[in-house]
1. Among what's in the stretch 44-61 and is part of a helix (DSSP H, G or I) and out of contact with any Gly (no Cβ under 9 Å at 6 or more places or on another chain), pick the residue that is surrounded by the most Cβ atoms within 10 Å (Cβ to Cβ).
2. Taking the options PRO67, PRO78, PRO135, PRO72, name whichever one is surrounded by fewer than 21 Cβ atoms within 10 Å (Cβ to Cβ) and more than 16 Å from the chain's Cα centre (by Cα).
3. Within the bounds of the stretch 86-103, is there any residue that is under 18 Å from LEU22 (Cα atoms) and without any contact (Cβ under 8 Å) to a residue 40 or more places away in the chain?
4. List the number of the failed condition for LYS125; all other conditions in (1) under 26 Å from GLN14 (Cβ atoms); (2) free of Cβ contacts under 8 Å to residues at least 24 places away in the same chain hold.
5. In the stretch 13-30, what residues are open to solvent by 70 Å² or more (accessible area, probe 1.4 Å) and either within 14 Å of MET156 (Cβ to Cβ) or touching a residue at least 60 places away in the same chain (Cβ under 8 Å) (or both)?
6. Might you check whether a residue that is open to solvent by 50 Å² or more (accessible area, probe 1.4 Å) and within 19 Å of VAL152 (Cβ to Cβ) occurs anywhere in the stretch 96-114?
Amino acid sequence: MFHVEKYQGNKSEQSALVIKQLKALVEGEEDIIANLSNASALLNQFLEDINWVGFYLLKEDQLVLGPFQGLPACVRIPLGRGVCGTAAEKKETLRIADVHQFPGHIACDAASNSEIVVPLVSDGKVIGVLDIDSPSKNRFNEQDQAFLEEFVDVLMEHV
């Protein structure tokens, strides 16, 4: 059973606890939807100052909405379009301080001002992305990026 923890210590210690919680949630479960659902709920509970967290899964040449926490979202995003489609196409994390300055930004939620997108890579191929939005500009830093990339690495061991 999952219990909400009060995260104590510095950001590194807090992140380590979340990784430990993720491992406990996905251990022994190989269903991608179940694991992505729990992962989005865990991040939503842990991260502060966000308004959307979830996954898009690659189907043919577009990203299709997967498990998430937040307001209803764009259902399909073409590869190379917006922050999610660009991160998937480039196969690299994109950390955008002001989404309104990003060429081709797709505004699913008008309240979003910054975004980080981490590709989900399996056997060298992108299968989707983790997308997190914040109402604050410049919300995500290098430490957040390193944590989220580690989070995705752990998650990918179970999908």
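The values are calculated or read from the model by the stated rules, or taken from the named source; none is laboratory data. Keep in mind that what you see is a predicted model, and the values were worked out from it rather than measured. No Cβ is skipped: glycine too gets one built from the backbone with ideal geometry, and neighbour counts run over all protein chains shown. When the accessible area is computed, the model is the full protein with side chains, heavy atoms only, and any ligands, DNA or RNA have been set aside. Shrake-Rupley method; radii C 1.70, N 1.55, O 1.52, S 1.80 Å.
1. Of all residues in the stretch 44-61, those part of a helix (DSSP H, G or I) come to 44-46.
Restricting the remaining residues to those that are out of contact with any Gly (no Cβ under 9 Å at 6 or more places or on another chain) gives 45-46.
Working: GLN45: 15, PHE46: 20.
Ranking the candidates gives PHE46 first.
2. Answer to the check: PRO78.
3. The answer is no; no qualifying residue exists.
4. (1)
5. Within the stretch 13-30, LYS23, GLU27, GLU29, GLU30 qualify.
6. No, every residue in the stretch 96-114 fails to be open to solvent by 50 Å² or more (accessible area, probe 1.4 Å) and within 19 Å of VAL152 (Cβ to Cβ).
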